[in-house]
1. Charges only on Cβ, +1 for Lys and Arg, -1 for Asp and Glu: so what's the dipole of the range 6-105 about the Cα centre, in debye to the nearest 20?
2. Classify the range 6-105 as rounded, prolate or oblate, taking a ≥ b ≥ c as the square roots of the eigenvalues of its Cα gyration tensor: rounded when a/c is under 1.5, otherwise prolate if a/b is larger than b/c and oblate if not.
3. For the range 28-68, state which chymotrypsin sites (Phe, Trp or Tyr not before Pro) are in a DSSP loop and have at most 12 other beta carbons lying within 10 Å of their beta carbon.
4. Each residue of the range 5-17 in order: what ³J(HN,Hα) in whole Hz does its phi give by Karplus 6.51 cos²θ - 1.76 cosθ + 1.60, θ = phi - 60°, with x for Gly and Pro?
5. Order the peptides 77-84, 106-113, 28-35 from the highest to the lowest mean number of other Cβ atoms within 10 Å of their residues.
6. Can you say what percent of the DSSP beta bridges in the range 6-105, counting only those with both residues inside, are antiparallel? Round to 5.
7. If you take the square roots of the eigenvalues of the alpha-carbon gyration tensor of the range 39-79 and sort them as a ≥ b ≥ c, do you get rounded (a/c under 1.5), prolate (a/b over b/c) or oblate?
8. Below 12 angstrom from the Cβ of ALA60, what's the summed charge of the other residues (Lys, Arg +1; Asp, Glu -1)?
Amino acid sequence: MATNTVTVIGNLVEDPELRFTGSGVAMARIRVAVNRRWRDQSGDWQEETSFLGGTLWREAAENAAESLQKGMRVIITGRLEQRSWETQDGDRRSVVEISIDELGPSLRWATATVSKTQRQGGGDWGDNSSSSMPAAPVARETYGPDEAPF
């Protein structure tokens, strides 16, 4: 069975771009520059830069937009996905992007302070201060164009 998992380490090209779908779901577009350095046969340093884009959803998107800034070195894990479309001139275009599962700052040359966000709808499961359990999610019949039915 083939898996489609990638890990990318690079620098943010711009601040995460936070948007909301028509149904109110948060989405952040992330762009990173990934540098590769090597010595050629004559011993001279060569460098190549690849620019990759990705999408992060829901609370993680909001956290990224609040926490990360242009120039920060980040670690991304996710899946590669190809998207195709047709331009107004009738040309076919496609792009390979990362569907981001996890995103965080790289600590190789920096430090970070992590603060846990309050979970929506109440505290942790281990919190015994309230006797009521969080409500179960309610199944919906319709989904927005950018939402997966799960």
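1. Numbers: 13 positive and 17 negative charges, 23 e Å.
With only Lys, Arg, Asp and Glu charged at Cβ, the dipole is about 120 debye.
2. Oblate, because a/c is 1.5 or more while a/b does not exceed b/c.
3. Within the range 28-68, no chymotrypsin sites (Phe, Trp or Tyr not before Pro) qualify (loop, at most 12 other Cβ atoms within 10 Å).
4. In residue order, the calculated couplings are 10, 10, 10, 10, 10, x, 9, 5, 7, 8, 4, x, 9 Hz.
5. The packing order, highest mean first, is 28-35, 77-84, 106-113.
6. Around 95 percent of the beta bridges assigned by DSSP in the range 6-105 are antiparallel ones.
7. Verdict is prolate for the range 39-79.
8. Local charge sum for ALA60: -4.
Values quoted throughout were computed directly from the atomic coordinates according to the rules given, and no laboratory measurement underlies them. The shown structure was predicted, so the numbers you read here are calculated from the model rather than taken from an experiment. No Cβ is skipped: glycine too gets one built from the backbone with ideal geometry, and neighbour counts run over all protein chains shown.
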